[in-house]
Amino acid sequence: MERLVPLTKILMTLAVSVWAILLRDWQSLLVLVLAELLVLLFFGIFRQQYKAIAALVVFAVFLGLVQYVGSGDIPSAIVAGLRMLSMTTVFIALLGTTKLQDLTAALVTQCKIPYEYAFMFTAALRFVPDFIGESKAVQEAQACRGLSLEGNILKRMKSYASVIQPLLLKSLGRSETMALSLELRGFGGKNHSFAASVGLKAIDYAVIAGLVVITVLLFV
Amino acid sequence: MERIQDLVYTHKQGGKFRWVTVSTLLLALGAILHLVSPSIAGVTPNWMIATYCVAILLTKPSYAQTLGIGFVAAFLTILTSKSAFPYGNLLSEPGGALTAALVTRAMMNLSWKRIGGMDITPIVSGFLATVVSGGIFVTLLWQVLELPSTVYVKAMWPLVLMVAGLNAVITPVLYIPAQKLFAKRGMLPSDHEGMSNHSGLTILPERQAKISMEHLTYFYPKASTPSIENVNLDVHDGDFLVITGPAGSGKSTICMAMVGAVPKFYGGRLEGMVFVDGKATTQMDIPELANHIGVVLADYDTQLVTLTVREEVAFAMENRGYSRDVIEKRSRDVFRQVGLEGLEDRKVTSLSGGQRQRLAIASVLATNPSVLVLDEPTSSLDPDGTAELYRLVGALNKEHGITVVVIDHDLHAVLPYANRMALMNDGKVVCDSDVATTLRYMYEHNIYVDALPSVFTTYLELESAGYGSAEPWLSIESAIKGLHYIEMAKAIDRSVHARTSYSTHSVIDSERTELGSNITAEDSENTVTGGGTRA
Amino acid sequence: MLKVENLRFGYVPSVDIFKDVNFTIHGGEFIAIGGKNGCGKTTITRLLMGLEKPTEGRMYYNGADITTMPPSKRGQFIGYVFQQPDRQMFRSTVAEEVAFGPESLGRSKEDVERIVNDVLHKVGISHLREAYPPTLRRGEKQRVAIASALAMESSILILDEPTSGQDGKETKELLALLRQLHAEGLTILLITHDMEIMAAECTRAIIMGNRTVAFDGTPEALFTKTADELHDLGLTRPPSVELSLAVPGLGYCKSMDELRRKLLAQLEG
């Protein structure tokens, strides 16, 4: 997995999703889900993401129940739950084993997604922790000035609202500095290069060939 | 050939990337609001949709750009909130974004869009974008997972409509204050006044310098008074120039004019010219200028735009299409120069304030500019951080030959490294000389005296009380020397008085000067031992 | 009146930021809290305010145990000014911002009005009542933050590096304000890196170091320690002290003003 380039992993993700739709019995879907969980376990992603996976499992069970209530058919309920689980778990595997900068390099150079959008995605992630820090700071300031959070829902809504507005205005204020920073640093230039190396290697071609073969077999 | 005094250049406000940065920051906001949102009876508004609706309303991007924003929103949702059905998001968010853009365009010229004085566009776009986005999502979920139709109609659609209702409320709640801010700062997209084009002109500088500002006057957009007026200031190769002055004296404007952001980013009207390496800055675009002059902005934190330290330094080089090998080599070099080795794989947000500033410097140095401009670099650093920063910048100047321009109000720490200091007051350069002369000028003309280091003020106060020193007190060491000089002079004065009651002043004065030079020589030894005990 | 006993704290249970912290703060003191970066000087004030919970130890205010009291209650006797003033403002006018504290404490409308008027006048920003806080100058923002803390009508005021980022003029005006508040009876705790301020303004210095309180005494006792000892604490002598040592017979000078006065007296006399 570590040795595969991001493009191969993206293709793997797509292939697994296609398989999840093509497989129509719960036994093979279960095998697929278990295989994915094994991959997660093997690369140590399971430990970091167990909460997310647990939430997805709960949602899968919920979907299964919905299906059961609607159709009264147990196998189709299990299929619905497992199908959803197999399609989402593979995304966790993709994101957990790929560095974001490699992923963006692959999306831009190989999937031909315009660089601006790949940039926006990683830049947004860059600012998320800062904004969380800002909202904590406001909440602490409010607590120091007598706001108790043990109050009712209305009080909490009010305090939430008063956190949003300064956060919003500050982020808009920062957008101008950020825009200047982008200009100064030649953003949007015609010949963009990447420090990350994402070219396909022999092993990638082999894996992709394997994916194609399996998909074709399932289809037939 | 034009007379520089007569040159006028106007430009519209704002760069090309406002839609990028506004969307990016609003989507980041959407991601965190989603994480902490309170719920009403188990239903939460979809903050992500609301934030991209606001971004689209504010910056009116093209349809292609709108689709891109939608995809970014989808990826962010998948990554930050572990979507239960990623493919659904990949289609639903672009659909929602497109709806918002269509509504924004369609309602632009409608007469009934105001109800009771309030623009209802954000309500309509917030509602419809959520209906479309949610509709696509649940329909895909229903189809792919082969869910029963009753669930689709009786559970999923009502939920979509409820969320859409909430979004119809929160979208204007976010949009209205944002719109006010944009209107106040002139950031809303509009038809702008004419923009000058200097590309056909031959503009030659009057003076030879690395950077020369000649007869420079500048008005911010809509301003009736200039923020700088007839400024003539040169920066020479190897200089370490400090520009100081009271708040609002125009020192930051000077800094932004050097890098072309005044007027090409801030808009407004420029008279006179700034030349960099003999070339008029109105004939270069901002990234091209940045190859000559690197700037660390006052809000250096926001200047940093990537996830990891390594990417930050590579960013400007990647944008300019440097090859992978060059990027790697240059990165290694600048990490060593600023002392950030070993932190390359850290997240930018995990760095301390001082480290972030070093990173900003490193990212600017990556493209090898010959001048480094720092705008108020120490305003969020503590005294230790300040001292450390100036040690670094001083070394870049001395050892790597980089010309440095610093805008600062905290003069104490920068003095040992500066060879020149310019004082701004009311938009004019009122003094431009060596450090001691400019400091003395500030004191004597009562301009911004509170910024003078207390040691230097004491030196001048003692001097005006009749106790001059051989050298200005620019550091503790020179102050100690000065104190010893004053004491010895006084002691000699007394002994001379005691011995020769008939002596004239001129005799004492000449004797004092002569002895003074001896004292200075002797004293430098004292200082060395003094320094020894301190360390 | 504010007493801490055997305080111990770490963000991660196994790594202490500090332990065995003991001190008592009396009414009317003007205390500097200093030390190297990361020594826990901000953290200790966050514990006092209740923003962090100690791993061990107890805190008392006028004899009553406040160890588990939340910050919203402590706000009645401690006002806190955070390091970056713009991160603690969240309302759309200065007057509303300042009113937030007394409103949260459930004061009556008239009381809130009176308090807001009083504190705005006291810190000298009455003319900025209706201004939008983010657009103010740095020094003005700092004053809004101080006014907001004062509006709690608490007896202790904690300020985290209020002079950082302020220029010389703003710093001087801020110190004059703190001096005036102190003279009116307010107890002040000032986290600072600035040795000149520590020496010239404060009656007592608490220096954090070696994971505990490394020094607690007068600034004079602190700055007449050897240069090596000070270096270990992450401190340097302020210029006035350094220079006063260079002139025999001049004696300790806490500020450059005092140095100049004494020196001139010595030279004339």
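Please treat every number below as a calculation from the coordinates, not as lab data. Just so it is clear, the structure is predicted and the values come from calculations on it, not from any experiment. Here the Cβ positions follow ideal geometry from the backbone for every residue, glycine too, while neighbour counts run over all protein chains shown.
Just tell me which lysines come within less than 17 Å, Cα to Cα, of B:K481; anything on the same chain fewer than 8 places away is out.
Filter leaves B:K490.
Report P(r) for chain C: all Cα-Cα distances, bin width 5 Å, range 0 to the bin holding the largest distance, values in whole percent.
That works out to 1, 6, 12, 16, 17, 16, 13, 9, 6, 3, 1, 0, 0, in percent per bin.
Nothing charged except the Cβ atoms of Lys and Arg (+1) and of Asp and Glu (-1): what's the magnitude of the dipole of segment B:68-168 about its Cα centre? Round to the nearest 20 debye.
180 debye
Quick one: which of A:K170/B:K222; C:K19/C:K225; C:K53/C:K122; B:K184/B:K347; A:K155/B:K113 span more than 31 angstrom between C-alpha atoms?
As for pairs spanning more than 31 Å Cα to Cα, those are C:K53/C:K122; B:K184/B:K347; A:K155/B:K113.
Percent of Cα-Cα pairs per 10 Å bin, from 0 to the last occupied bin, for the protein assembly as shown, please list those.
2, 9, 16, 20, 20, 16, 9, 4, 2, 1, 0, 0, 0
Putting +1 on Lys and Arg Cβ atoms and -1 on Asp and Glu Cβ atoms, find which of A:A124, A:V212, A:L82 reaches farthest to the positive end of the dipole of chain A.
Towards the positive end, the residue furthest out is A:A124.
Take every residue in peptide B:67-80, count the Cβ atoms of other chains within 10 Å of its Cβ, and give the average of those counts.
That average works out to 5.
Run the numbers on segment B:169-239 and let me know its relative contact order in percent, using alpha-carbon pairs under 8 Å that are six or more apart.
Computed value for segment B:169-239: 22 percent relative contact order.
Let me confirm one metric for peptide B:138-150, namely the mean number of other chain beta-carbon atoms within 10 Å of its residues' beta-carbons. Let's see the in-between values first.
Values: counts 0, 0, 0, 3, 0, 0, 7, 14, 9, 8, 10, 2, 4.
Taking all residues of B:138-150 together, the mean is 4.
Taking neighbour Cβ counts within 10 Å as the exposure measure, how do A:C111, C:C202 sort from fewest upward?
Least to most surrounded, the residues fall as A:C111, C:C202.
Run through the DSSP bridge list for chain C and note the antiparallel percent, rounded to the nearest 5.
Roughly 50 percent of the DSSP beta bridges within chain C come out antiparallel.
I need the calculated FRET efficiency for the pair C:T24 and B:N446, taking r as the beta carbon distance and R₀ as 51 Å, to the nearest 0.05.
Working: r = 45 Å, r/R0 = 0.89.
Once the sixth-power term is evaluated, E becomes 0.65.
On full extension of the chain, what length is gained from B:D434 through B:L110, given 0.36 nm per residue of separation minus the C-alpha to C-alpha distance?
110.3 nm
If you rank B:I228, B:I40 by fewest surrounding Cβ atoms within 10 Å, what's the result?
B:I40, B:I228
Suppose every Lys and Arg Cβ carries +1 and every Asp and Glu Cβ carries -1, with no other charges. What dipole size does chain C come out with about its Cα centre, to the nearest 20 debye?
Numbers: 32 positive and 36 negative charges, 46 e Å.
That gives chain C a dipole magnitude of about 220 debye.
Among B:A97, B:T139, B:S83, whose Cα lies farthest out toward the positive end of the dipole of chain B, if unit charges sit on the beta carbon of Lys, Arg (+1) and Asp, Glu (-1)?
Most positive-ward Cα: B:T139.
Need the list of lysines near C:K169 for cross-linking: C-alpha distance under 16 angstrom, and skip anything on the same chain fewer than eight residues off.
C:K141
Percent antiparallel among DSSP beta bridges with both residues in the protein assembly as shown, to the nearest 5? Display every interim value, and only then the final one.
Values: 45 of 80 bridges.
Within the protein assembly as shown, antiparallel bridges account for around 55 percent of the total.
So which aspartates and glutamates can A:K190 reach, going by Cα to Cα under 15 Å and dropping same-chain residues fewer than 8 places off?
A:E116, B:D285, B:E288, B:E318
Which whole-number percent of Cα pairs in chain B have a distance greater than 40 Å?
Looking at chain B, the distances longer than 40 Å represent 43 percent of pairs.
Label B:Q5 and A:K158 with points 7 Å out from Cα along Cα→Cβ: what is the distance between them in nm?
Taking the two extended label points, one gets 6.4 nm.
Would you work out the relative contact order for segment B:405-507, in percent, from Cα pairs under 8 angstrom that are 6 or more residues apart?
The normalised contact order for segment B:405-507 reaches 16 percent.
If each of C:Q180 and B:D325 carries a label point 7 Å out from its Cα toward its Cβ, how far apart are those two points in nm?
In this crude spin-label approximation the distance works out to 6.8 nm.
Can you sort B:T66, B:T80, B:T130 so the residue with the fewest Cβ neighbours within 10 Å comes first?
Arranged by neighbour count, lowest to highest, B:T66, B:T80, B:T130 become B:T80, B:T66, B:T130.
Okay, which of segment B:354-384 sit inside 14 Å, backbone N to the point 7 Å along the Cα-Cβ direction of B:D333?
Backbone N within reach: B:362-371.
Please give the FRET efficiency for B:H497 paired with C:D257, using the beta carbon to beta carbon distance and R0 = 30 Å, rounded to the nearest 0.05.
That pair, B:H497 with C:D257, gives E of 0.55.
Any chance you could check the Cα centroid distance between segment B:394-425 and segment C:131-194 for me, in angstrom?
30 Å
Taking the Cα centre of segment A:1-133 as the origin, how large is its charge dipole in debye, to the nearest 20, when only Lys and Arg (+1) and Asp and Glu (-1) carry charge on their Cβ atoms?
160 debye
What does the average come to when, for each residue of peptide C:66-72, you count the partner chain Cβ atoms lying within 10 Å of its Cβ?
Taking the mean over all residues of the peptide, I get 3.
Calculated FRET efficiency, C:S108 and B:T44, Cβ-Cβ r, R0 30 Å, to nearest 0.05?
The value I calculate is 0.25.
Output the relative contact order of chain B, whole-number percent, from Cα pairs under 8 angstrom with separation of 6+ residues.
13 percent
Considering the dipole of the protein assembly as shown built from charges on the beta carbon (Lys and Arg +1, Asp and Glu -1) around the Cα centre, which of B:F127, C:Q84, B:G466 is farthest to its positive end?
B:F127
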